[in-house]
1. If the Cβ limit is 6 Å and pairs must be 6+ apart or interchain, which residue in region 99-121 that is touching a residue at least 24 places away in the same chain (Cβ under 8 Å) and under 19 Å from THR80 (Cα atoms) pairs with which residue that is of a type in the set (Ser, Thr, Tyr) and in a helix (DSSP H, G or I)?
2. When you look at SER134, is it modelled with pLDDT under 95 and either farther than 24 Å from SER220 by Cα or open to solvent by 40 Å² or more (accessible area, probe 1.4 Å) (or both), yes or no?
3. Given the conditions (1) surrounded by 11 or more Cβ atoms within 10 Å (Cβ to Cβ); (2) modelled with pLDDT under 85; (3) under 21 Å from ASP107 (Cβ atoms), and given that ASP63 satisfies all but one, which numbered condition is not satisfied?
4. I need the full set of residues from region 15-41 which are at pLDDT 70 or above and either among the aliphatic types (A, V, I, L, M) or touching a helix residue (DSSP H, G or I) at 6+ places or on another chain (Cβ under 7 Å) (or both), in order please.
5. Please count how many residues of region 94-112 are over 18 Å from the mean Cα position of the chain (by Cα) and either outside any helix (DSSP H, G or I) or buried (at least 21 other Cβ atoms within 10 Å of the Cβ) (or both).
6. Just checking, does region 195-215 include any residue being in a helix (DSSP H, G or I), in contact with a Gly (Cβ under 8 Å, 6 or more places away or on another chain) and either of a type in the set (D, E, K, R) or modelled with pLDDT under 95 (or both)?
7. How about region 164-173: which of its residues are in a helix (DSSP H, G or I) and either touching a Gly at 6+ places or on another chain (Cβ under 6 Å) or open to solvent by less than 40 Å² (accessible area, probe 1.4 Å) (or both)?
8. Report, by residue number, each residue of region 249-286 that is over 15 Å from GLU207 (Cα atoms) and open to solvent by less than 10 Å² (accessible area, probe 1.4 Å).
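The values are calculated or read from the model by the stated rules, or taken from the named source; none is laboratory data. Just so you know, these numbers come straight off a predicted model, no measurement behind them. Because the Cβ atoms are built from the backbone with ideal geometry, glycine has one as well, and the counts that use them run over all protein chains shown. Accessible surface is based on the protein model in full, side chains and every heavy atom, while ligands, DNA and RNA are left aside. Shrake-Rupley method; radii C 1.70, N 1.55, O 1.52, S 1.80 Å.
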Amino acid sequence: MIDFRYHLVSLVAVFLALAIGIVLGAGPLRDGVGQTLTAQVEQLRVERDEMRASNDALTAENDDLEGFVESSGAGLVTNTMRGEKVATIADHSSLRKEAEATRALVDAAGGESGPRIELGQALWDPAAEGERRSALATITKTWPGVKPRGASTSEMLASIVARVLAPSEDLDDAARLEIAKVLSASGVLTLEGDIFAVDSVLLLSGEESLFAVTSDSPDSASNRADNLQKARLSLVTTLDRRGVSMAVAGSSTARGSSEGIVSDVRSGDLRDRVASIDMLTYASGPATLTLALAAAQVDMPGAFGSASDAETLTPDAAAIREASKAMAEEKGDEDSQEPHTEANENEDAPASDGGGQ
């Protein structure tokens, strides 16, 4: 049995050790420890200031580099297009800066920037199924020649967006505008400016994280992502089927692979006909996207960017320029060899009213 003297000795030892620590800390060890800690703190402050200055310098250099890349983009893309009409489609409002920059470069390249469309959440939102069905019913009843494709309402409406932009004798510009108004009223898209048939389409796609809704249940989140993926793919597939040149743009993931529509295009047979880039939000993104579309126009599509499934970083502007020039000259020769007959003179006469109603 442990008696009281054992406890007393233990308590005395504890307090003795505490007293010794106080004496040493206030005496011989105080100056050394204090000076060491002070020196370490001061060194950390110096390192922090140096890192902050280095970061500011790198930021300034990066801003200068981005400014140079942006300012030189117009010169890089010059003469890579020959008057092609180009529509711009974005699936998220955060991409307006990139969309406008790309449109300006299309004009600088020799193309003609055309309709501007921003897809709305109603195209893929699970809660907007009723609005989509209503829009489909209105369009197919009023314009029976417009036959949507796909299994879901998201896919079918996306195919109608493609039909509105693709060349067709079934639709004139007035009908295209009325269909766009129906789609706009249902929240499927927002149209800026006029709408008409185009030769090429640019699809700018946001990062997948931008479309997540925190209030979604697991099932709703899955349906939302599935509707979005299928709508994008239906849009691209329909345009490709109707002979419209295309380039799609997005971003790469943290693991270095492409995502969204860029990944879908690169993993299937669309890769052979549709150009893609995976660095849309970089300073070089708009110029790269413009060149990618120009490459697709001359049958030289590729997968451009830094993702693991990309073929090369950027398109070959010189090769595109030469191919574009050769195609223009070949077309000019064919036009000059066509015999001038009364039938030719009547070719420009409208075959129908084009209203499709």
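1. Listed by first residue and then by second, the contacts come to THR102/THR290; LEU105/THR290; VAL106/THR290; ALA109/THR290.
2. Against the criterion (modelled with pLDDT under 95 and either farther than 24 Å from SER220 by Cα or open to solvent by 40 Å² or more (accessible area, probe 1.4 Å) (or both)), SER134 does not qualify.
3. The single condition ASP63 does not satisfy is (3).
4. Listed by number, the residues that qualify are LEU16, ALA17, LEU18, ALA19, ILE20, ILE22, LEU37, ALA39, VAL41.
5. The total comes to 4.
6. Yes, the conditions are met somewhere in region 195-215.
7. VAL164, LEU165
8. Within region 249-286, VAL265, VAL274, ALA275 meet the criteria.
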